[in-house]
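Bear in mind that the values in this text are calculations on the coordinates, not laboratory data. For clarity, every value in this text was computed on a predicted model and none was experimentally measured. Here the Cβ is made from the backbone with ideal geometry for all residues, glycine too, and neighbour counts use every protein chain on show.
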Amino acid sequence: MSRSSKSHDGPANPSRRGLLKAGIAGAGLVAGAGLARAAGGDPANLPPNVADWSRYLGPGVDAAPYGMPSEHEAQVVRRSVEWLTASRESSINFTPLHELDGIITPNGLCFERHHGGVAEMNPTDYRLMINGLVDKPLIFTLEDLKRFPRVNRLYFLECAANSGMEWRGAQLNGCQFTHGMVHCVMYTGVPLKYLLEEAGLKTNAKWIMPEGGDAAGMNRSVPIEKALDDCIVAFKMNGEALRPEQGYPARLVVPGWEGNMWVKWLRRIEVGDMPWHAREETSKYTDLLEGGKARRFTWVMDAKSVITSPSPQAPILHAKGATVLTGLAWSGNGRITRVDVTLDGGKNWHEARIDGPSLPKALHRFYFEFDWDGSELLLQSRAHDETGYVQPTKDALRAVRGTNSIYHNNGIQTWYVKADGGVENVEIS
Ligand SMILES: Nc1nc2c(c(=O)[nH]1)N[C@H]1C(S)=C(S)[C@@H](COP(=O)(O)O)O[C@H]1N2
Ligand SMILES: [Mo]
């Protein structure tokens, strides 16, 4: 079987396993050049010695009533970019995508975007009001919400500003910063439809305006079709209560649509016959085109992907040979059907292997296993979704949208892998 990366297309052949094993064992013994390094370790803990942790009893149960990650994973944290915003209260931090695998974002690592800091709500005083064009205005307690039939759905949330700093060219060195305004968790909550039906929609009900109970009082206009389709008032994420940062005790879930509409600390939903033209859909979250016109109500997050490893924060640290490339793909229009990857800046494309659940409007995990020959690489990934849409290059996006945009940058990302395994953010297309 050929070991050339160019001919290796599609799922790894199981017969490759023996070779992989030999390759990995070999890589551990041979210290490569530059960044590539030997396995290391304290000889006292290595075979044939009895390791330290095998000699003594460890901490018992309840040492940590709420479990935390290993102390050796301390670098796996959300990070912010100091110069990006003037205050901490209206700011953003980023999911450490390069450290994660699979498709679920752990609750403590979901990026945060607040316009007025975290509202410190208590569940007893929580109320959700529905008013406007309804037969009977209602006020629900959290317990009321929990008496409606509930659903479990896995969705990504992407801020429309994700990759916004990259619109004019490569800027931030790491997929955490270029693509980390996305997370994907399983929500438990009540379909919004049930709550609106309980209040009774008037025939001229065409829009809703969810409003947050935070100091920013964030609000957006959402068309009634979307509200009745797949929106959820969620109170759990990944099985446990929403984190305060994510809108505890309840937030709106607006699958596939820009994160700004997923109102946190949800306190009111007004029903109307026209959009409200709120701050967040006029001065913000619109896309200024070349001629001075702005695109508005650009709700859907189009198909996008990024290679999370290798990437600037996840350089290749082993010698040449067996290498796992992995990344994420998602689409606000449904499922991802295919992801292509290139190692040579687009000259040759290979179909990546999607592994794990393929759910609509959720993250998809892809892999491409190849033998790195130690030469420089230009890595890119390109997502296809079930509508037939293909992720565009950044040049193709700019041809249509100009250079003034911030939001909705789903262009193809390039990582430059150097011969020493280090990786840099570059732009070639
Ligand atoms: N009430 C309220 N809801 C809000 C916001 C906010 O500042 N206040 N920020 C919005 C924006 S711009 C985004 S991208 C998402 C971020 O959700 P997260 O903090 O759970 O990642 O929440 C949205 N909902
Ligand atoms: Mo956002």
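Quick notes on this one:
- Each of ASP420 and TYR56 was given a label point 7 Å from its Cα along the Cα-to-Cβ line. The distance between the two points is 3.9 nm.
- When the chain is treated as a Gaussian network with alpha carbon springs shorter than 10 Å, the biggest mean-square fluctuation among VAL81, VAL118, VAL263 belongs to VAL81.
- Between TYR389 and LYS293, residue separation times 0.36 nm minus the direct Cα-Cα distance comes to 32.0 nm.
- Residues whose amide H lies under 5 Å from that of GLY213, counting only those 5 or more places away or on a different chain, are LEU266, ARG267; hydrogens are built 1.01 Å from N in the peptide plane.
- Each residue of region 150-156 was assigned a 3J(HN,Hα) from its phi angle through the Karplus expression (A = 6.51, B = -1.76, C = 1.60, θ = phi - 60°), giving 10, 10, 10, 9, 9, 9, 7 Hz with x at Gly and Pro.
- Sparsely packed GluC sites (Glu not before Pro) within region 55-163, loop by DSSP, other Cβ within 10 Å at most 11: GLU120
- ³J(HN,Hα), Karplus 6.51/-1.76/1.60, whole Hz, each residue of region 119-131, x for Gly, Pro: 6, 8, 7, 9, x, 5, 8, 5, 9, 10, 9, 10, 9
- Loop-exposed chymotrypsin sites (Phe, Trp or Tyr not before Pro) per DSSP, neighbour cap 10 Cβ within 10 angstrom, longest uninterrupted part of the chain: 67-429
- Selection of GluC sites (Glu not before Pro), region 262-354, meeting DSSP coil and at most 15 other Cβ within 10 Å: GLU290
- Note on LYS284: lysines with a C-alpha under 23 Å away, same-chain residues under 8 apart excluded, are LYS206, LYS226, LYS264, LYS293, LYS304, LYS394.
- Low-density loop cleavage sites - GluC sites (Glu not before Pro) in region 371-429, where at most 15 other Cβ are within 10 Å (DSSP): GLU376, GLU386
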